[in-house]
Amino acid sequence: MAAQTARPLVDWFSPLPPARSDIAHFSARILPALSARADVRLWTDQPGSDPALARHAEVIVYDPRSIDLGKLNKSNLIFYNMGNDGRFHAAIREVMFKVPGVLVAHELSYHHSMYWDYMVRRQDPAGYLALVEQRYGAAGLLAAKQHMEKGKPHIDELARQYPFIDYLADASLAVVCHTRAVEEAVTARGVGALRLPLAFQAPPNPPSKSRTSGVLEFVQFGYIGPQRRLFSILGALSRFREKHPFRLRIFGELWDPDAVRAEIRRQRLDDLVSIVGFVAEPILDSAIARADLVFNLRYPSIGEASGSQMRIWAAGAPSVVTNTGWYGDLPDETVIKIEQDTEAADLDRVLATLARDRFAYAQTGLNGFRHLAAHHGPDTYVEQLLSIKDLAEERRSSMAYRHLTARADTALERMFGRERAAKIKAVMNYQSKFDGSGQA
């Protein structure tokens, strides 16, 4: 009788539901498929996670300052899910730098997270500046100082120029990513990367559409910052208000609710736009499924994939996106793409099309549903995810060699001083090349 293959032990660091992070929901979505193939331990620094998770995995609440590193050393694979919100990911990053593992890079830039970590969590602005200088030299240091002193350049500009993906990749055994931009940035550092379609389980069939009135239904949802172009959307709806009856409902978390309410009033949309806030997922999914259009614009994009887009596709709803970054790579038939340079005119055109025919983009929503079902299943994702072990082991060996070499260099400098140690190393390197050529 053939021996059964041992199940790998996987440690999975991530925010977990009910944390208001799409990465928490991503982890919950793939957990059943992951636990079917591995023994899983979920690590979180936030108590009060969804009890349902314990059906699939052991849930461990940790403090990054006192975590049991010996427990992690028994793992076959350690995954660190990293997003750009320091509230959910600073503790994960702290552990990752103690015990290298596989970085699951959900973003291209982590500057916002690093800034929050040093300025808010650690109360260490000098440490933040030192890290920026270490990674990006005098130019990066000057930009960071100017931001701290004058507010310019804006933090978003710092994030684009100095993304810290290099910092995280250098400390990782391998990187799992969901966008071409992250893959290119990581492989440029000489770190192995595996790009996978973001996982999301499609329902068996797209939700049926029911129309109870002639009012066009619009939705925006998620963690909505200025880059989600809400003010541009409100401007377009203000221009549209006399052309067709509609309503926009905004679900989720706003970066500045007072500013958004003020803009709604300024655009004379109080009776047509409502800020709903967070709701249970079934309520949100139902609202998306009934929508004639979902707004999912992003500019500037920092290379992130969109869990929101997965949810829109699962509801079979049409969505309008900015033709940039990950969104620009999506199949044209699955979303409505507009250009940032002509954003206002393009939004006006999309809305005018719906005014003529509210079902004009229905096929786009169905195309998105089929694309999700064909390419984003959690089972396929997990199967490929676990294959990264070989890449990680190769990198582990090279990192161990560099670590031993650095320790040897330090020992030489202690024994002989820096200058003499440099001469000794030069001789050793020459002898190594000579020996190598003699064996050829």
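The values are calculated or read from the model by the stated rules, or taken from the named source; none is laboratory data. Bear in mind the structure is a predicted one, so any value in this text is a computation, not a measurement. Note that we place each Cβ from the backbone using ideal geometry, even for glycine, and neighbour counts take in every protein chain shown. These accessible areas exclude ligands, DNA and RNA; they are computed on the full protein's heavy atoms, side chains included. Shrake-Rupley method; radii C 1.70, N 1.55, O 1.52, S 1.80 Å.
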Please verify whether the range 212-233 includes one or more residues that are more than 16 Å from SER274 (Cβ to Cβ), free of Cβ contacts under 8 Å to residues at least 60 places away in the same chain and among the β-branched types (Val, Ile, Thr).
yes
Of the residues in the range 58-86, those that are in contact (Cβ under 8 Å) with a residue 40 or more places away in the chain, within 27 Å of HIS112 (Cα to Cα) and either of a type in the set (Phe, Trp, Tyr) or open to solvent by 10 Å² or more (accessible area, probe 1.4 Å) (or both) number 5
Is it true that VAL120 is open to solvent by less than 10 Å² (accessible area, probe 1.4 Å), touching a helix residue (DSSP H, G or I) at 6+ places or on another chain (Cβ under 8 Å), at negative phi and assigned to a helix (DSSP H, G or I)?
no
For residues that are touching a residue at least 40 places away in the same chain (Cβ under 8 Å) and buried (at least 19 other Cβ atoms within 10 Å of the Cβ), tally how many sit in the range 87-99.
7
Determine, yes or no, whether ALA52 is out of contact with any Gly (no Cβ under 8 Å at 6 or more places or on another chain) and either surrounded by fewer than 13 Cβ atoms within 10 Å (Cβ to Cβ) or of a type in the set (Ser, Thr, Tyr) (or both).
yes
Checking the conditions here, which among VAL321, VAL279, VAL350 is assigned to a strand (DSSP E or B) and either hydroxyl-bearing (Ser, Thr, Tyr) or touching a Phe, Trp or Tyr at 6+ places or on another chain (Cβ under 9 Å) (or both)?
VAL321
Candidates ALA360, ALA374 - the one that is in a loop (DSSP other than H, G, I, E, B), without any contact (Cβ under 8 Å) to a residue 40 or more places away in the chain, surrounded by fewer than 18 Cβ atoms within 10 Å (Cβ to Cβ) and on the phi < 0 side of the Ramachandran plot:
ALA360
In a helix (DSSP H, G or I) and in contact with a strand residue (DSSP E or B) (Cβ under 8 Å, 6 or more places away or on another chain): does that describe ALA138?
no
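Every residue, every condition in (1) open to solvent by less than 60 Å² (accessible area, probe 1.4 Å); (2) out of contact with any helix residue (DSSP H, G or I) (no Cβ under 8 Å at 6 or more places or on another chain); (3) part of a strand (DSSP E or B); (4) under 22 Å from GLN227 (Cα atoms), yes or no:
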residue: HIS244; (1), (2), (3), (4): yes, no, no, no
residue: LEU248; (1), (2), (3), (4): yes, no, yes, yes
residue: VAL260; (1), (2), (3), (4): yes, no, no, yes
residue: GLU263; (1), (2), (3), (4): yes, no, no, yes
residue: ASP270; (1), (2), (3), (4): no, no, no, no
residue: ILE283; (1), (2), (3), (4): no, yes, no, no
residue: ALA287; (1), (2), (3), (4): yes, yes, no, no
residue: VAL294; (1), (2), (3), (4): yes, no, yes, yes
Evaluate the range 205-228: report whether one residue or more is open to solvent by less than 10 Å² (accessible area, probe 1.4 Å), in a strand (DSSP E or B) and β-branched (Val, Ile, Thr).
yes
Give all pairs with beta carbons closer than 6 Å in which a residue from the range 249-270 that is at positive phi meets a residue that is among the aromatic types (Phe, Trp, Tyr) and open to solvent by less than 60 Å² (accessible area, probe 1.4 Å); count only pairs at least 6 apart in sequence or on separate chains.
GLY252/PHE221
Test: residue in the range 305-316 that is open to solvent by 10 Å² or more (accessible area, probe 1.4 Å) and over 24 Å from ILE283 (Cβ atoms):
yes
Would you point out which residue out of ALA143, ALA181, ALA138 is surrounded by fewer than 20 Cβ atoms within 10 Å (Cβ to Cβ), among the hydrophobic types (A, V, I, L, M, F, W, C) and within 26 Å of TRP255 (Cα to Cα)?
ALA143
Give the residues of the range 184-196 that are open to solvent by less than 60 Å² (accessible area, probe 1.4 Å) and within 17 Å of ILE23 (Cα to Cα), sorted by residue number.
LEU196
Matching residues, the range 33-44, being touching a helix residue (DSSP H, G or I) at 6+ places or on another chain (Cβ under 7 Å) and either among the aromatic types (Phe, Trp, Tyr) or open to solvent by 50 Å² or more (accessible area, probe 1.4 Å) (or both)
ARG37
Filtering the range 328-347 down to residues that are assigned to a helix (DSSP H, G or I) and open to solvent by 30 Å² or more (accessible area, probe 1.4 Å), which residue is farthest from SER210 (Cα to Cα)?
ASP341
Conditions (1) within 30 Å of ARG7 (Cβ to Cβ); (2) buried (at least 18 other Cβ atoms within 10 Å of the Cβ); (3) modelled with pLDDT under 90; (4) not basic (Lys, Arg): number failed by GLY325:
(1)
